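Peer 1: My structure is below; once you've seen it, I'll send some questions.
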Amino acid sequence: PLSREIPSERLGTRLFPCYHAIGNLYFVVLPDYFMNLGLSDKEASDLQWKYYQQYGLPLRGLVLHHEVDPLHFDQECDGSIPLEQMIVSNASIRKLLSDIDRSKARVWVLTNAYLNHAKRVLQILDLEDQVEGIVYCDYKDPDFTCKPEPAHFRRAMKLANVIDMSKCLFVDDSKGHVDSARALGWGSCVHFCEKKSVLVNASQVGVSENEAIVISDLEELRSVWPQIFVNSKPLN
């Protein structure tokens with residue numbers, strides 16, 4: 001997300017495509033981890049969603065209420081997901097990022113994962129050279145922040161050396177995260193509702209959702225933020 005304090009610059013974006021297959025597997029692995037804490041199947045399921053809704057990240061609840069070691073969690077959950085078998089590089093996404101004018105915008109990833117997982121995904125997608133930095137959940141810090149906590153967005157601005165919130169452009173597949181960024185004052189926030197997602201209903205580009213634009217394809221960002229692209233045409 002975030003931009004430098006340069007008059008002509010707008011900002012980079014959180015362009016982490018939504019892979020609901022990974023999300024589905026994550027919510028299969030997660031209950032097992034909960035049950036290993038001595039919880040019943042129902043307790044594990046209930047707490048999983050309670051913590052997700054309450055904190056935006058189930059791990060936050062586990063750390064706060066069950067004294068779970070976040071690094072162990074990362075190894076057992078995120079680290080166990082066979083990403084290489086589930087996702088592949090996408091030429092269209094790579095071109096979308098490469099078409100951003102870097103004199104006007106900087107691209108940062110803002111994720112609720114640990115650094116290892118974020119780097120692993122970017123490497124598989126062949127997008128490592130397209131992002132300037134990664135704002136991740138620092139599991140080494142017992143008080144680590146995550147989306148949708150305002151502190152996580154402020155941390156992102158600090159790491160990217162951004163002061164003016166109005167220069168921040170943000171796209172995320174979670175309405176809660178988008179709402180949090182908007183409430184903080186980020187300039188333009190986009191809710192990405194992936195067409196294949198079973199969690200949200202895809203909407204047409206240009207539709208406003210409490211002043212946040214809703215898109216169903218990342219290519220639509222070319223129309224939403226034309227000022228940051230050197231090329232408005234997607235890869236054929």
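The values are calculated or read from the model by the stated rules, or taken from the named source; none is laboratory data. Treat the numbers as computed from the prediction; the structure is a model and nothing was measured. All Cβ positions, glycine included, derive from the backbone under ideal geometry; neighbour counts span all protein chains shown.
Peer 1: Could you look through the range 153-172, keep only residues that are touching a Gly at 6+ places or on another chain (Cβ under 7 Å) and of a type outside the set (D, E, K, R), and pick out the one that is nearest to VAL190 (Cα to Cα)?
Peer 2: Of the range 153-172, the ones touching a Gly at 6+ places or on another chain (Cβ under 7 Å) are 159-160, 165-169.
Narrowing further to those that are of a type outside the set (D, E, K, R): 159-160, 165-166, 168-169.
Numbers: LEU159: 22, ALA160: 20, MET165: 15, SER166: 14, CYS168: 11, LEU169: 8 Å.
Per the criteria, the residue is LEU169.
Peer 1: Further, regarding this structure: If you take the residues in the range 146-180 that are in contact with a helix residue (DSSP H, G or I) (Cβ under 6 Å, 6 or more places away or on another chain) and in contact (Cβ under 8 Å) with a residue 60 or more places away in the chain, which one is farthest from CYS77 (Cα to Cα)?
Peer 2: Per the criteria, the residue is PHE170.
Peer 1: Let me ask something else. Checking the conditions here, which among ARG106, ARG94, ARG120, ARG60 is basic (Lys, Arg) and outside the structural domain of ALA181 (by TED's automatic domain parsing)?
Peer 2: Details: ARG106 fails: outside the structural domain of ALA181 (by TED's automatic domain parsing); ARG94 fails: outside the structural domain of ALA181 (by TED's automatic domain parsing); ARG120 fails: outside the structural domain of ALA181 (by TED's automatic domain parsing).
Result of the check over ARG106, ARG94, ARG120, ARG60: ARG60.
Peer 1: While we're looking at this one, here's another question. Taking the range 147-166 as the region of interest, how many residues are crowded, with 24+ Cβ neighbours inside 10 Å and within 18 Å of VAL131 (Cα to Cα)?
Peer 2: Summing the residues that are crowded, with 24+ Cβ neighbours inside 10 Å and within 18 Å of VAL131 (Cα to Cα) in the range 147-166 gives 2.
Peer 1: So for the range 127-145 (the condition being within 22 Å of ILE81 (Cα to Cα), part of a helix (DSSP H, G or I) and either of a type outside the set (Ser, Thr, Tyr) or touching a residue at least 40 places away in the same chain (Cβ under 8 Å) (or both)), does at least one residue qualify?
Peer 2: Yes, some residue in the range 127-145 is within 22 Å of ILE81 (Cα to Cα), part of a helix (DSSP H, G or I) and either of a type outside the set (Ser, Thr, Tyr) or touching a residue at least 40 places away in the same chain (Cβ under 8 Å) (or both).
Peer 1: Might you check whether a residue that is crowded, with 19+ Cβ neighbours inside 10 Å and touching a Pro at 6+ places or on another chain (Cβ under 6 Å) occurs anywhere in the range 111-130?
Peer 2: No, every residue in the range 111-130 fails to be crowded, with 19+ Cβ neighbours inside 10 Å and touching a Pro at 6+ places or on another chain (Cβ under 6 Å).
Peer 1: Identify all residues within the range 66-90 that are over 20 Å from the mean Cα position of the chain (by Cα) and loosely packed, with under 13 Cβ neighbours inside 10 Å; write none if there are none.
Peer 2: GLU67, HIS72, GLN85
Peer 1: Does the range 30-52 contain any residue that is closer than 27 Å to ARG154 by Cα, at pLDDT 90 or above and either surrounded by fewer than 17 Cβ atoms within 10 Å (Cβ to Cβ) or not basic (Lys, Arg) (or both)?
Peer 2: Taking every residue of the range 30-52 in turn, at least one turns out to be closer than 27 Å to ARG154 by Cα, at pLDDT 90 or above and either surrounded by fewer than 17 Cβ atoms within 10 Å (Cβ to Cβ) or not basic (Lys, Arg) (or both).
Peer 1: Based on what the data block shows, is ALA183 farther than 18 Å from VAL109 by Cα and modelled with pLDDT of 95 or more?
Peer 2: yes
Peer 1: Could you check the range 169-191 and list, in sequence order, the residues that are surrounded by 21 or more Cβ atoms within 10 Å (Cβ to Cβ), under 18 Å from ALA113 (Cβ atoms) and touching a Lys or Arg at 6+ places or on another chain (Cβ under 8 Å)?
Peer 2: Within the range 169-191, PHE170, VAL171, ASP172, HIS177, SER180 meet the criteria.
Peer 1: Here's something else I'd like to know. Out of the range 98-123, which residues are under 22 Å from LEU59 (Cβ atoms) and not in a strand (DSSP E or B)?
Peer 2: THR111, ASN112, ALA113, TYR114, LEU115, ASN116, HIS117, ALA118, LYS119, ARG120, VAL121, LEU122
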